[in-house]
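Below: one structure, written as structure tokens.
The values are calculated or read from the model by the stated rules, or taken from the named source; none is laboratory data. Everything numeric in this text was worked out from a predicted model, so none of it was measured. Please note: Cβ atoms are built from the backbone with ideal geometry, for glycine as well, and neighbour counts cover all protein chains shown.
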Amino acid sequence: MPVKIIIAIDGFSSCGKSTLAKSLARELGYAYIDSGAMYRVVTLVALRNNWIKNKIPDKAKIIAGLNNISISFKFVKETEKNTTFLNNENVEEQIRKLDVSNNVSPISTIKEVRKEMVKFQRQMGKEKGIVMDGRDIGTVVFPQAELKIFMTASPEIRAQRRYDEFASKGQIVEMDDVVKNIDERDYIDQNRKESPLRQAEDAIVLDNSNFTLDGQLEWALQKATETIKNL
Ligand code: DC
């Protein structure tokens, strides 16, 4: 049996972390887990219940509500996609909308929410053979991960990618709103008290501003192969 490792991919919003993580997992035959989707699900529940107003979350209600949230990921054959479920409801599309993106950072600053999500994330990585992307995977969730990649790209490129993603789904958004959302999330992600976005000391930086998708996959596969070989 080949040795299985944990690969942690952290970085700023809209750097293409999930694109790389998914393709890397596919090539290695590993599971891919999108930790951001978990914070997005909690945000969706908070929005549906009016537990967040003007981006200020009602912490007590959200924390109490965590008991009724069961998150799972399944591969849906029809769409051929890894899909996020909230209590058996397919919420994949809803959690990617701009209103969720606009409110997710304040939700992800809540200590109790993070504690619950980290518990779930660690459970999913118990068997190793996993690629997980997020903000604190290499620093908090799996500090023992054998390979840590910290991704970044220029702000203009990130905004364009996110804009194109919305457009490809037929969602009409203003570029200014996309830029504002990315700036805001970067600021909150880096400056929050609980598990802020940081590059782990032993992470390798990947600035993919000028990489093609194939190029970045090849780069990451090489790092993974080297890591496994040197264990
Ligand atoms: O990766 P994403 O953009 O879908 O993540 C959504 C938000 O969730 C992001 O703005 C910050 C938060 N997040 C986090 O705090 N910790 C993680 N491990 C993943 C995401």
Which ones in the range 153-191 are out of contact with any Ser or Thr (no Cβ under 7 Å at 6 or more places or on another chain) and of a type in the set (S, T, Y)?
Y163, S168, Y187
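Hey, among the residues in the range 180-207 that are within 15 Å of the ligand (Cβ to nearest atom) and among the β-branched types (V, I, T), which one's surrounded by the most Cβ atoms within 10 Å (Cβ to Cβ)?
Among them, the one singled out is I182.
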Output the number of the condition that I69 fails; it satisfies all remaining conditions of (1) farther than 16 Å from I33 by Cα; (2) within 13 Å of the ligand (Cβ to nearest atom); (3) of a type in the set (V, I, T).
(2)
Count of the range 1-27 residues which are more than 16 Å from the ligand (Cβ to nearest atom) and not in a helix (DSSP H, G or I)
5
So which of K4, K55 ends up being over 21 Å from D164 (Cβ atoms), at pLDDT below 95 and not small (G, A, S)?
K55
Among (1) surrounded by 14 or more Cβ atoms within 10 Å (Cβ to Cβ); (2) under 23 Å from R26 (Cα atoms); (3) without any contact (Cβ under 8 Å) to a residue 60 or more places away in the chain; (4) of a type in the set (S, T, N, Q), which single condition is T212 missing?
(1)
When the range 83-117 is examined, which residues are found to be in contact (Cβ under 8 Å) with a residue 60 or more places away in the chain, buried (at least 19 other Cβ atoms within 10 Å of the Cβ) and of a type in the set (A, V, I, L, M)?
V100, V104, I107, I110, V113, M117
Keeping to the range 143-173, report how many residues are in a loop (DSSP other than H, G, I, E, B) and polar (S, T, N, Q).
3
For the range 120-137, name all the residues that are near the ligand (Cβ under 10 Å from one of its atoms) and not acidic (D, E).
Q121, M132, G134, R135, I137
Which is touching a Lys or Arg at 6+ places or on another chain (Cβ under 8 Å) and either modelled with pLDDT under 95 or in a helix (DSSP H, G or I) (or both), of T139, T84?
T139
Within the range 208-217, can you find the residues that are more than 16 Å from the ligand (Cβ to nearest atom), in contact with a helix residue (DSSP H, G or I) (Cβ under 6 Å, 6 or more places away or on another chain) and outside any helix (DSSP H, G or I)?
S209
Would you confirm whether or not the range 28-44 contains a residue that is more than 22 Å from T152 (Cα to Cα), at pLDDT 95 or above, assigned to a helix (DSSP H, G or I) and away from the ligand (no atom under 14 Å from the Cβ)?
yes
